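The values are calculated or read from the model by the stated rules, or taken from the named source; none is laboratory data. Everything numeric here is computed off the predicted structure, so don't read it as measured data. Cβ atoms come from the backbone with ideal geometry, glycine included; neighbour counts cover every protein chain shown.
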Amino acid sequence: MESNEIAKVASQVRRDIVRMVAAVSSGHPGGSLGCADFLSTLYFDTMNHNPTDFKMDGTGEDLFFLSNGHISPVWYSVLARSNYFPVPELATFRKLGTRLQGHPSTDHHLPGIRMASGSLGQGLSVGIGAAATKKLNGDDSLVYTLHGDGEMQEGQIWEAALYASAKKVDNLIATIDYNGRQIDGDLEDIISLGNLTQKWQAFGWEVLEMDGHNIDKIRATLAKAKSLTGKGKPIMIVMATEMGQGVDYMMGTHKWHGAAPNDEQLTSALGQLEETLGDY
């Protein structure tokens, strides 16, 4: 898919996000909006996957694990728009009995979901396990994971980082959503991450950096990451984003990490986001 077409997908995904969260007055729009360009590119351009015949083991296809599960709105939208499940089901987000739980859950058997996520720090370990399984099975497909930057404050992340480099898990491409904000404020005011690129390099990873809102650069960086697989090192992409990207009043602050817009704010947000694929 060409970059301009991916941009149209991302715009619709952003509309889905704010509508889903506003409808139930709960959810996490900020980080979701910030990752719309990346996940749209990943699913519509980069990954080899089979939306219409979903299987939990994912044999012969690329896998994706969302570690920062609170940004489920963006993932659900991308999954639906990729034909994993019907788009109108997005209207059930966070409602009683829905398959679209606030944090992704496997017990509701929603196609596209292979791990429960929400407890931060676990997704890298799961991704490493899946990548190791593919190696053992002679499956040359890749495993992708996505993490929040605040999640880098979790100890399990660094245990997994050590393991992946020591065991040469080189069919894994992880990405950090580096927006500089977490639930209670800016990273620098809570626990600074310092130079994140140098940290991952010190742990033995191949590290790339990219602008998470430039689709041409996202495509090029993911292509570069794929070209580096199979060479003995796991790959980390440090992705610079803006929390709330696309909605002016949600940008430049951490306050929309887990807050829903009211009716007036929703109208304002939708006025800034082009409807490209049709609202559900």
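The residue that is nearest to D139 (Cα to Cα), among those in region 56-105 that are of a type in the set (V, I, T) and either in contact (Cβ under 8 Å) with a residue 12 or more places away in the chain or in a loop (DSSP other than H, G, I, E, B) (or both), is T59. Quick check on Q182: is it polar (S, T, N, Q), at pLDDT below 95 and surrounded by 16 or more Cβ atoms within 10 Å (Cβ to Cβ)? Yes: the conditions hold for Q182.
Check F44, F54 and return the single one that is within 18 Å of the chain's Cα centre (by Cα), among the aromatic types (F, W, Y) and within 30 Å of G129 (Cβ to Cβ).
The match here is F44.
Given (1) exposed (fewer than 14 other Cβ atoms within 10 Å of the Cβ); (2) within 23 Å of E159 (Cα to Cα), identify the lone condition not met by G204. Evaluating G204 over (1) exposed (fewer than 14 other Cβ atoms within 10 Å of the Cβ); (2) within 23 Å of E159 (Cα to Cα) leaves (1) as the failure. One residue stands out in region 48-68 among those that are in contact with a helix residue (DSSP H, G or I) (Cβ under 8 Å, 6 or more places away or on another chain) and among the small types (G, A, S): the one that is nearest to S11 (Cα to Cα), namely S67. Take region 16-25 and flag every residue that is part of a helix (DSSP H, G or I) and surrounded by fewer than 24 Cβ atoms within 10 Å (Cβ to Cβ). Scanning region 16-25 gives R19, A22, A23, V24.
No other residue among E188, E209 is more than 17 Å from H28 (Cβ to Cβ), in contact with a strand residue (DSSP E or B) (Cβ under 8 Å, 6 or more places away or on another chain) and acidic (D, E) apart from E209.
Conditions tested, residue by residue: (1) more than 21 Å from M47 (Cβ to Cβ); (2) assigned to a loop (DSSP other than H, G, I, E, B).
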| position | (1), (2) |
| --- | --- |
| T197 | yes, no |
| A225 | no, no |
| G230 | no, yes |
| M236 | no, no |
| G246 | yes, yes |
| G252 | yes, yes |
| L266 | yes, no |
| A269 | yes, no |
| L277 | no, yes |
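In the set (1) surrounded by fewer than 16 Cβ atoms within 10 Å (Cβ to Cβ); (2) touching a Gly at 6+ places or on another chain (Cβ under 6 Å), K167 fails one condition alone, (2). The residue that is surrounded by the most Cβ atoms within 10 Å (Cβ to Cβ), among those in region 111-141 that are under 22 Å from D53 (Cβ atoms) and among the polar types (S, T, N, Q), is S141.
Beta carbons closer than 8 Å, at least 6 apart along the sequence or on distinct chains, pair a first residue in region 121-137 that is at positive phi with a second that is part of a helix (DSSP H, G or I) for G121/E151; G121/G155; G121/Q156; G121/I157. Would you be able to say whether some residue in region 99-110 is over 15 Å from N68 (Cβ atoms), out of contact with any helix residue (DSSP H, G or I) (no Cβ under 6 Å at 6 or more places or on another chain), β-branched (V, I, T) and surrounded by fewer than 20 Cβ atoms within 10 Å (Cβ to Cβ)? Yes: one or more hits. Consider S72 carefully, then state whether it is hydroxyl-bearing (S, T, Y) and more than 26 Å from K135 (Cβ to Cβ). For S72, the condition - hydroxyl-bearing (S, T, Y) and more than 26 Å from K135 (Cβ to Cβ) - is met.
To keep it simple, each residue is scored yes or no on (1) in a loop (DSSP other than H, G, I, E, B); (2) polar (S, T, N, Q); (3) modelled with pLDDT under 95.
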| residue | (1), (2), (3) |
| --- | --- |
| K134 | no, no, no |
| L146 | no, no, no |
| E151 | no, no, no |
| Q156 | no, yes, no |
| A160 | no, no, no |
| V169 | yes, no, no |
| T175 | no, yes, no |
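Once region 212-222 is narrowed to residues that are touching a helix residue (DSSP H, G or I) at 6+ places or on another chain (Cβ under 9 Å) and buried (at least 17 other Cβ atoms within 10 Å of the Cβ), the residue that is nearest to R181 (Cα to Cα) is G212. Screening the candidates E209, E188 for the property of being surrounded by fewer than 17 Cβ atoms within 10 Å (Cβ to Cβ) and in a strand (DSSP E or B) yields one hit, E209.
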